[in-house]
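Please read the structure below before turning to the comments.
The values are calculated or read from the model by the stated rules, or taken from the named source; none is laboratory data. Because the structure is predicted, anything quoted here is derived from the model rather than measured. Using ideal geometry, Cβ is built from the backbone for each residue, glycine included, and neighbour counts are taken over all protein chains shown. Areas reflect the complete protein model, heavy atoms only, side chains present, ligands, DNA and RNA absent. Shrake-Rupley method; radii C 1.70, N 1.55, O 1.52, S 1.80 Å.
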Amino acid sequence: MYHAHRTVLPRDELVKQRHLLETSWDDFLRNPETNRYAIRSVVYESWKRCLQSGVDPRRTSTDISLKEDEIQHILQYSKLYDCSFQILQDLSFQIKDTGYLVTLCDPQGRILFLDGNREVLKRAERMNFVVGADWSERAIGTNAIGTCLEVGRPVQIFAAEHFCAGVHDWTCSSAPIRDPVSGDILGVIDVTGLWHNSQPHTLGMVTMACHNIQFRLLEQAIRARYLLLEQYQRMIARYPSDGVMVLDAAFHPVEVNETARKILRDQTGKDVEELWDSNNLRNALFTTRHPANPEGMYEIEMEHIGVRAAVQEVHNSTGRIGYVLVLRPCIPGIRRETTVSWEGIVGRSAGIRTIISKCDIVAQTGVPVLLLGESGTGKELFARAIHRAGPRRDGPFVAVNCGALPKELLASELFGYAPGAFTGATRTGKKGKFEEADGGTLFLDEVGEMPPEFQVHLLRVLQEREIVRLGASEPIPVNVRIIAATHRNLEQMVRDGLFREDLYFRLNVVTLSIPPLRERREDIALLIDHFLTKLSEQYGMEKPGIDPSVREFLIHRYSWPGNVRELKHVLEHAVLFCNRTIQWHDLPETVRKAGQGHRPENPSDRSVKPPAPAPHEPLPSRDLRSDEERQQLLQLLQEVGGNLSEAARRLKIARTTLYRRLNKYGIRKSLNVT
């Protein structure tokens, strides 16, 4: 009997069936429309897909698409692997003497787990049936793993049913593992052996193992759902008049109260199930993940449905399992721009939203991240945000500027040293940055400046996940996440022989390019407001305004070669020397020169000087540019007997601001005040 999705043949029929399939395979390759009746429909349809995809039927092996460190990171954070491991071990034990191999693959058909008979493993290596290999149909044609993913059902493939000649000596049986809530395929279990060992019961055994895993996943989903509903009930009690809904980790609505349904119907005319768009919601949630109140909630605005929401994330021991949203309609006639404030990163441009969304996704994994961007774009800020948003948030974040350390000190700084390792070494030795970052994140800033001769040592640590201190011989295991950053073109440096190619690929698992400020001008107004608020709080001053012509120049005209860092420094200079409103003369000289062609003919900064204060009248906070103003400062210092704290209080400015003004006019040096 020859089933649609499995082969069930007596052993004495296997040889005969293999020869028949070889003939059918040859006939198909000569003419895909001929003699199809000797081929099962699931195989015939797969062969046609292979031809359409351009798969070479003469292939003898597949490609390896995952590096070792990528596999380790996937397994470290894979809930499926954690749930499957014991069942895979049990399955391996059951078949250990049968000449079969057991695998777990991800939804792309890449092997994550492989176990079985050693001799068979060695033979399977010839076709790259190894951990990290790609066994999708597009990579290696018809096979149980790839075809199971295509059809979404258990499949057994025997001998020449495989599309590629290099796999004709094998038989394999695969079944999909589905998410018990969404129904999405999470992975595949496969059992593979040599063709003459084909067994009719193998596919049933694999299918049963998948059902057991799905049951465990269902148990986890039920526990997560219970936690979500608990939090939902708390929020219903806390906000009885508001719309409340709870979402699972995949943004599917779990529970929605009637008020929330009414808000959504009033705003859109549709029920929540009709209009819910997980992509729009993902962007809104992931680009505003900065708690705005002590309860850890933050606000988002979903412009596409006219609703704003306060969001609280729900976590269990494994990580984020969902969200509770408190909904309110947007005020009619008032359009609020949604401002991103994710872990301290401010903006609303499309570019910044995209990179923040990617950062939040990457933060939940442990894969290495390479941040690219010009100096001053905020690479370290993004690195810290990724750390705080991920599962290592409670571990250390250690930053190292590879370009700031002499090459002679790099080894001791990164790897530490043993007692007495060199002249001047401490008696107790010292931890390096890798050890300090254990359990957390190590940020390698300006990694492109690392000397080529040192790069091989860094590569070894990334491969082995252990360091050896200078002057020591015992390796020390380290568990760190690597985030690297550079403003250099590493690909060009690799071509020029200035950066190791193997190190580049180790660091370049996920690359995120941060746009320069001149390419996100719609964010400059937000950043100006953000920095002015922070700086006025820092210096104890009233938040200043900005002359319209100055504001227009900063937002639309200036090129910002130093990016966000330069913007902050320009505003800090202006805040320290302005008189309630930032004028042209309050800007640093380089910026003033760049704006010469943009200043109005009658600048608004020609303000009339107020009369000199009475002996005990507080001196206005203003830019001290003239001899008269210098005299006012001297007079005030005489009145307060040189007490700078009292002088700053009367001026209503911070002591640090007063120090700057005294230094500017040489008063501090001439009077020897401290």
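One residue stands out among those in the range 176-232 that are of a type in the set (Val, Ile, Thr) and not in a helix (DSSP H, G or I): the one that is surrounded by the fewest Cβ atoms within 10 Å (Cβ to Cβ), which is 185. Any chance you could count how many residues in the range 130-144 are open to solvent by 10 Å² or more (accessible area, probe 1.4 Å) and in contact with a Leu (Cβ under 6 Å, 6 or more places away or on another chain)? Of the residues in the range 130-144, 1 are open to solvent by 10 Å² or more (accessible area, probe 1.4 Å) and in contact with a Leu (Cβ under 6 Å, 6 or more places away or on another chain). Looking only at the range 372-399, residues that are closer than 30 Å to residue 423 by Cβ and in contact with a strand residue (DSSP E or B) (Cβ under 6 Å, 6 or more places away or on another chain) come to 2 in all.
Could you look through the range 311-331, keep only residues that are closer than 13 Å to residue 391 by Cα and not in a strand (DSSP E or B), and pick out the one that is modelled with the highest pLDDT? Top of the filtered list is 317. A single member of 250, 237 is assigned to a loop (DSSP other than H, G, I, E, B) and open to solvent by 30 Å² or more (accessible area, probe 1.4 Å), and it is 250. The conditions of being modelled with pLDDT under 90, within 25 Å of the chain's Cα centre (by Cα) and either under 21 Å from residue 387 (Cα atoms) or open to solvent by less than 10 Å² (accessible area, probe 1.4 Å) (or both) are met by residue 506. Going through (1) assigned to a helix (DSSP H, G or I); (2) open to solvent by 50 Å² or more (accessible area, probe 1.4 Å) one by one, residue 498 falls short only on (1). For the range 168-207, the tally of residues that are over 24 Å from residue 220 (Cα atoms), among the aliphatic types (A, V, I, L, M) and within 39 Å of the chain's Cα centre (by Cα) stands at 2. Among the residues of the range 161-175, those that are surrounded by 24 or more Cβ atoms within 10 Å (Cβ to Cβ) and either of a type in the set (Lys, Arg) or not in a loop (DSSP other than H, G, I, E, B) (or both) comprise 161, 167, 170, 171, 172, 173, 174, 175.
Using the structure shown, decide if residue 147 is polar (S, T, N, Q), surrounded by fewer than 24 Cβ atoms within 10 Å (Cβ to Cβ), in contact (Cβ under 8 Å) with a residue 40 or more places away in the chain and over 21 Å from residue 70 (Cβ atoms). Against the criterion (polar (S, T, N, Q), surrounded by fewer than 24 Cβ atoms within 10 Å (Cβ to Cβ), in contact (Cβ under 8 Å) with a residue 40 or more places away in the chain and over 21 Å from residue 70 (Cβ atoms)), residue 147 does not qualify. Of the residues making up the range 140-196, those that are closer than 14 Å to residue 45 by Cα and of a type in the set (Val, Ile, Thr) are 142, 147, 151, 155, 157.
With respect to (1) open to solvent by 10 Å² or more (accessible area, probe 1.4 Å); (2) part of a strand (DSSP E or B), the lone exception for residue 443 is condition (1). Within the range 51-63, can you find the residues that are out of contact with any helix residue (DSSP H, G or I) (no Cβ under 6 Å at 6 or more places or on another chain), assigned to a helix (DSSP H, G or I) and either under 17 Å from residue 190 (Cβ atoms) or of a type outside the set (A, V, I, L, M) (or both)? Answer for the range 51-63, where residues must be out of contact with any helix residue (DSSP H, G or I) (no Cβ under 6 Å at 6 or more places or on another chain), assigned to a helix (DSSP H, G or I) and either under 17 Å from residue 190 (Cβ atoms) or of a type outside the set (A, V, I, L, M) (or both): just 52.
Among the residues of the range 178-196, the ones that are more than 28 Å from residue 127 (Cβ to Cβ) and of a type in the set (S, T, N, Q) come to 1 in all. Scanning the range 64-97 for residues that are surrounded by 14 or more Cβ atoms within 10 Å (Cβ to Cβ), in contact with a strand residue (DSSP E or B) (Cβ under 9 Å, 6 or more places away or on another chain) and outside any helix (DSSP H, G or I) turns up 64, 65, 66, 77, 78, 95. Scanning the range 253-265 for residues that are of a type outside the set (Lys, Arg), assigned to a helix (DSSP H, G or I) and either surrounded by 14 or more Cβ atoms within 10 Å (Cβ to Cβ) or at pLDDT below 90 (or both) yields 259, 260, 263, 264. For the range 569-582: of the residues being open to solvent by 10 Å² or more (accessible area, probe 1.4 Å) and in contact (Cβ under 8 Å) with a residue 40 or more places away in the chain, which is farthest from the chain's Cα centre (by Cα)? Step by step, filter the range 569-582, then rank; the result is 579. Checked against the criterion of being open to solvent by 10 Å² or more (accessible area, probe 1.4 Å), assigned to a helix (DSSP H, G or I) and closer than 26 Å to residue 362 by Cα, the candidates 522, 537 yield just one match: 522.
The set of residues in the range 446-466 that are open to solvent by 20 Å² or more (accessible area, probe 1.4 Å) and of a type in the set (A, V, I, L, M, F, W, C) comprises 456, 462. Got at least one residue in the range 481-491 being surrounded by fewer than 21 Cβ atoms within 10 Å (Cβ to Cβ), modelled with pLDDT of 90 or more and closer than 30 Å to residue 426 by Cβ? Within the range 481-491, none of the residues are surrounded by fewer than 21 Cβ atoms within 10 Å (Cβ to Cβ), modelled with pLDDT of 90 or more and closer than 30 Å to residue 426 by Cβ. Among the conditions (1) out of contact with any helix residue (DSSP H, G or I) (no Cβ under 9 Å at 6 or more places or on another chain); (2) touching a residue at least 40 places away in the same chain (Cβ under 8 Å); (3) hydroxyl-bearing (Ser, Thr, Tyr), residue 513 misses just one, which is (1). Every condition in (1) within 37 Å of the chain's Cα centre (by Cα); (2) in a helix (DSSP H, G or I) holds for residue 585 except the one numbered (1). Is at least one residue of the range 358-381 under 19 Å from residue 566 (Cα atoms), part of a loop (DSSP other than H, G, I, E, B) and open to solvent by less than 10 Å² (accessible area, probe 1.4 Å)? Yes, the range 358-381 contains at least one residue that is under 19 Å from residue 566 (Cα atoms), part of a loop (DSSP other than H, G, I, E, B) and open to solvent by less than 10 Å² (accessible area, probe 1.4 Å).
A single entry from 399, 404 fulfils the requirement of being out of contact with any His (no Cβ under 9 Å at 6 or more places or on another chain), open to solvent by 70 Å² or more (accessible area, probe 1.4 Å) and of a type in the set (Gly, Ala, Ser): 404. Within this structure, residue 411 fails the test of being more than 13 Å from residue 345 (Cβ to Cβ) and open to solvent by 50 Å² or more (accessible area, probe 1.4 Å).
Annotation note: Cβ proximity below 8 Å between a residue of the range 456-468 that is farther than 17 Å from residue 76 by Cα and a residue that is among the aromatic types (Phe, Trp, Tyr) and open to solvent by 10 Å² or more (accessible area, probe 1.4 Å) (sequence gap 6+ or interchain) occurs for 457/415; 461/415; 467/415; 468/415.
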